[in-house]
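Since the structure comes first, as structure tokens, the remarks are kept for the end.
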Amino acid sequence: MLKSLTFLAFLLLTSSYAQENNPIFKGWYADPEGIIFDTTYWIYPTFSAPYDSQVHLDAFSSPNLTEWTKHERILDTTAIKWAKRAMWAPSIIKKENKYFLFFGANDIQSNNELGGIGVAVSDKPEGPFKDHLGKPLIDKFHNGAQPIDQFVFKDKNGNYYLYYGGWGHCNVAQLNKDFTGFIPFEDGTIFKEITPENYVEGPFMFIKDDKYYFMWSEGGWTGPDYSVAYAIADSPFGPFKREDKILQQDAAIATGAGHHSVIHDKGSDDYYMVYHRRPLDETDQNSREICIDKMYFDKDGFIKPVKISNEGVQANPLNKNLR
């Protein structure tokens, strides 16, 4: 009887331990972009460190959301000669069997500095990536938006748009076919401002039921008030009326939950929010870790508040027959 109870206690202990899936991998990382390529989940984050140490990007892949493989230095400043520091917030998309990785670099503070948003390209999602242009794609402040926190989005009509912006301003621009520049809008402008209420940085977009869900980060990234809010629109250009805050700190779990992305497997109804947060026992601004929690919708299509957890999500292999 004693042996049975001991074994039962062991099973309960190991079961409880196995459910602690957040953070999803070791190391300080932030600003994660989650995406699916074929039957593999991928996450491309910022390496969270002092700006002068942010000279490379790593990537992580998983067959099931719980077992992750690290791909080191898929891109660094040896490949991007104009980038010197502060490589931030990668965003990736596949087009014509090429993988295009958009990133910010150098944290420019004015139009007189070298830096902004760049593009790298590779034949494989794990790289290595090389500079696509040899210079930044966006190197100036347009409509007050610092050229950082880029997100590349493919619309249902096949157009590709780049959403980006810090300093409380968000722009959208339509990429040309080879991602070397932009196509002007009908009014002749290239950068259209779409800034919603309380926007700070970190834009993200997805389509569900023919509606455009636009999301962004609010608050300060170094503080506990960092969070995510969203809007729903009928167009990729808005207008985006703020609906609600859907991701924020939990004083019992972690602070500074924000700068997220969303993973959705088209073969299921599962939506996952990938985000960074700061452990309760950490005060360094760069001590950020990557986590995943489920995201749910109500019957009217509004996003329910995401509950950050230590448990995270359970293993969910992708079904190749549904892809």
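The values are calculated or read from the model by the stated rules, or taken from the named source; none is laboratory data. Because the structure is a prediction, the values reported are computed rather than measured. Cβ coordinates were reconstructed from backbone atoms using ideal geometry, including for glycine residues, and neighbour counts include every protein chain displayed. Accessible surface areas use protein heavy atoms only, side chains included; no ligands, DNA or RNA. Shrake-Rupley method; radii C 1.70, N 1.55, O 1.52, S 1.80 Å.
Among strands (runs of 3 or more DSSP E) entirely within the stretch 89-171, having at least 1 residues that are more than 21 Å from residue 79 (Cβ to Cβ) and of a type in the set (Lys, Arg) singles out 151-154.
Once the stretch 148-181 is narrowed to residues that are in contact with a His (Cβ under 9 Å, 6 or more places away or on another chain) and open to solvent by less than 40 Å² (accessible area, probe 1.4 Å), the residue that is nearest to residue 89 (Cα to Cα) is 149. For the stretch 47-66, how many residues meet the condition of being touching a His at 6+ places or on another chain (Cβ under 9 Å) and either on the phi > 0 side of the Ramachandran plot or in a strand (DSSP E or B) (or both)? Total satisfying the criteria: 5.
Looking only at the stretch 68-87, which residues are closer than 19 Å to residue 30 by Cβ, hydrophobic (A, V, I, L, M, F, W, C) and open to solvent by less than 30 Å² (accessible area, probe 1.4 Å)? Once the filter is applied, which keeps residues that are closer than 19 Å to residue 30 by Cβ, hydrophobic (A, V, I, L, M, F, W, C) and open to solvent by less than 30 Å² (accessible area, probe 1.4 Å), the stretch 68-87 yields 74, 75, 83, 86, 87. Applying the set (1) within 27 Å of residue 97 (Cβ to Cβ); (2) aliphatic (A, V, I, L, M); (3) open to solvent by less than 20 Å² (accessible area, probe 1.4 Å) to residue 145 leaves exactly one unmet item: (1).
For the stretch 182-199, the criterion of being of a type in the set (S, T, N, Q), on the phi > 0 side of the Ramachandran plot and open to solvent by 10 Å² or more (accessible area, probe 1.4 Å) is met by at least one residue. A single entry from 253, 246 fulfils the requirement of being of a type in the set (Val, Ile, Thr), open to solvent by 10 Å² or more (accessible area, probe 1.4 Å) and in contact (Cβ under 8 Å) with a residue 12 or more places away in the chain: 253. Out of 47, 10, 25, report the one residue that is surrounded by fewer than 23 Cβ atoms within 10 Å (Cβ to Cβ), modelled with pLDDT of 95 or more, among the aromatic types (Phe, Trp, Tyr) and over 30 Å from residue 142 (Cα atoms). The match here is 25. Listed conditions (1) open to solvent by less than 40 Å² (accessible area, probe 1.4 Å); (2) among the hydrophobic types (A, V, I, L, M, F, W, C); (3) under 12 Å from residue 100 (Cα atoms) are all met by residue 133, apart from (1). Among the residues making up the stretch 261-311, a single one is in contact with a Phe, Trp or Tyr (Cβ under 8 Å, 6 or more places away or on another chain), assigned to a loop (DSSP other than H, G, I, E, B), closer than 18 Å to residue 27 by Cα and open to solvent by 20 Å² or more (accessible area, probe 1.4 Å): 285.
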